[in-house]
Amino acid sequence: MRIIKKYAVRKMYDVKESRFITLTGVASIIATGEEVQVIDNKTGNDITDTVLAQIILEQQKSKQNLSSVPGLLREFIKKGAGSVVDLLDKPIFGPLGLVSLTEEKARQIIGRLVKMGKVSIDEGDNLLKGLLAKTGESRKIMESFIKKTIIRMNIPTRGEFKKLNAEIDRLKEQLTTIRTNNKARTT
């Protein structure tokens, strides 16, 4: 886990890299999949959630003005973290759960939110599009991770297994031929 210390003057310090870092830098670290913990240098309190919220806010500002923040985020702010977590099934957002999220399951969850009056139909449609996009992204990230792991572990690919099996079959044929020739010579 990467530890970031936050100082009173809004400066943050990456302990691992021994350098100051910006919100964008923290976002980049998180985007690579590395866990980050932000500690208030003065109090020692974990302020990771606050910094993550700042990152989201800055990303939103850089894209468009704040009046465009989706209704679900407004609901999140109005009701607090606990109720939003209750709105959504936690497994969807787990590292592997998002990869296995099907469009049907996402539609069911969004449908429940709409029926409960937690989001409007338009917000539900936007949320569904976002979830499905994130599912696709997560699937690609997971596939890339698996491929890199297989390469790192030097595990043969399907093609390499086929070549090995073909070579084994060829060697079996050669052994059979050698045995047959040896039997013919001894008789």
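The values are calculated or read from the model by the stated rules, or taken from the named source; none is laboratory data. Keep in mind it's a predicted model, so treat the numbers as computed, not measured. Heads up, the Cβs are rebuilt from the backbone with ideal geometry, glycines too, and the neighbour counts pull from every protein chain shown.
Here are some notes:
- The numbered conditions (1) assigned by TED's automatic domain parsing to the domain that holds A133; (2) assigned to a helix (DSSP H, G or I); (3) more than 23 Å from S138 (Cβ to Cβ); (4) at pLDDT 80 or above are all true for I110 except (3).
- T135, sole failed condition from (1) touching a Leu at 6+ places or on another chain (Cβ under 6 Å); (2) modelled with pLDDT of 75 or more: (2)
- Count - residues of the range 8-31 that are out of contact with any strand residue (DSSP E or B) (no Cβ under 7 Å at 6 or more places or on another chain) and over 15 Å from L52 (Cβ atoms): 6
- For the criterion of being closer than 11 Å to R2 by Cβ, surrounded by 11 or more Cβ atoms within 10 Å (Cβ to Cβ) and of a type outside the set (K, R), Q59 fails.
- Within the range 19-44, tally of residues that are surrounded by 12 or more Cβ atoms within 10 Å (Cβ to Cβ) and in a loop (DSSP other than H, G, I, E, B): 2
Listed here are the residues, each with its yes/no results for (1) among the charged types (D, E, K, R); (2) closer than 29 Å to E103 by Cα.
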{"site": "S138", "(1), (2)": "no, yes"}
{"site": "K147", "(1), (2)": "yes, yes"}
{"site": "I168", "(1), (2)": "no, no"}
{"site": "Q174", "(1), (2)": "no, no"}
{"site": "A184", "(1), (2)": "no, no"}
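- Among the residues of the range 113-140, those identified as loosely packed, with under 15 Cβ neighbours inside 10 Å and assigned to a helix (DSSP H, G or I) are K115, I121, D122, D125, K129, G130, A133, G136, E137, R139, K140.
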